[in-house]
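Enquirer: Encoded as structure tokens, here's the structure I'll be asking about.
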Amino acid sequence: MGSKKECALDNSIILDTMICMKQVDIFKALSNEARLKILEWLKEPDLHFTPHEGIDMNKTGVCVSQITEKLEMTQSTASHYLSMLLQVGLIKADRIGKYTYYKRNEDAINGIAEFLKQKK
């Protein structure tokens with residue numbers, strides 16, 4: 001593995017969550033259909049999930065068990081996919097009691113969109 005370097009993104013769109021991540025790592029995280037589905041579902045959680053224990057999914061996020069169930073995969077695979085998205089800053093995690101809730105990091109996703117717009 002190569003050494004971590006600062007992203008070559010234009011300074012106007014570098015976000016705190018992406019400063020030490022290589023663009024390659026971000027695109028690797030996006031190169032899987034299930035991880036893309038997770039990001040799609042988390043964009044509008046009310047359309048894809050039922051609130052867990054009265055949690056506001058738009059504010060707090062979606063419980064890992066609900067994402068696992070919707071993926072129809074093992075808990076370890078779903079957790080690995082969520083971990084990859086979390087490591088590159090595309091999602092955020094919030095632990096409440098014994099549950100972990102995930103939501104999109106819209107600033108990071110918008111930063112990637114801006115990066116792609118600049119690459120003509």
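Enquirer: Please specify each residue of the range 75-120 satisfying the condition of being surrounded by fewer than 20 Cβ atoms within 10 Å (Cβ to Cβ), farther than 20 Å from Thr50 by Cα and β-branched (Val, Ile, Thr).
Expert: Once the filter is applied, which keeps residues that are surrounded by fewer than 20 Cβ atoms within 10 Å (Cβ to Cβ), farther than 20 Å from Thr50 by Cα and β-branched (Val, Ile, Thr), the range 75-120 yields Thr77, Ile109.
Yes/no matrix, rows are residues, columns are (1) farther than 16 Å from Glu40 by Cα; (2) not aliphatic (A, V, I, L, M):
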{"position": "Gly54", "(1), (2)": "yes, yes"}
{"position": "Asn58", "(1), (2)": "no, yes"}
{"position": "Glu69", "(1), (2)": "no, yes"}
{"position": "Met73", "(1), (2)": "yes, no"}
{"position": "Thr77", "(1), (2)": "yes, yes"}
{"position": "Tyr81", "(1), (2)": "no, yes"}
{"position": "Gly97", "(1), (2)": "yes, yes"}
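Enquirer: Turning to a different aspect of this structure: Kindly provide the set of residues from the range 62-74 that are under 14 Å from Phe49 (Cβ atoms) and in contact with a Ser or Thr (Cβ under 8 Å, 6 or more places away or on another chain), ordered by number.
Expert: Listed by number, the residues that qualify are Cys63, Val64, Gln66, Thr68, Leu71.
Enquirer: Considering the range 11-35 alone, what residues qualify as being at pLDDT 50 or above, open to solvent by less than 80 Å² (accessible area, probe 1.4 Å) and either in a helix (DSSP H, G or I) or of a type in the set (D, E, K, R) (or both)?
Expert: The answer is Ile13, Lys22, Gln23, Asp25, Ile26, Phe27, Ala29, Ala34, Arg35.
The values are calculated or read from the model by the stated rules, or taken from the named source; none is laboratory data. It should be emphasised that the depicted structure is a prediction, and the values quoted were computed from it without experimental measurement. Don't worry about glycine lacking a Cβ; one is built from the backbone with ideal geometry, like all the others, and counts go over all protein chains shown. All accessible areas refer to the heavy atoms of the entire protein, side chains included, with ligands and DNA or RNA removed. Shrake-Rupley method; radii C 1.70, N 1.55, O 1.52, S 1.80 Å.
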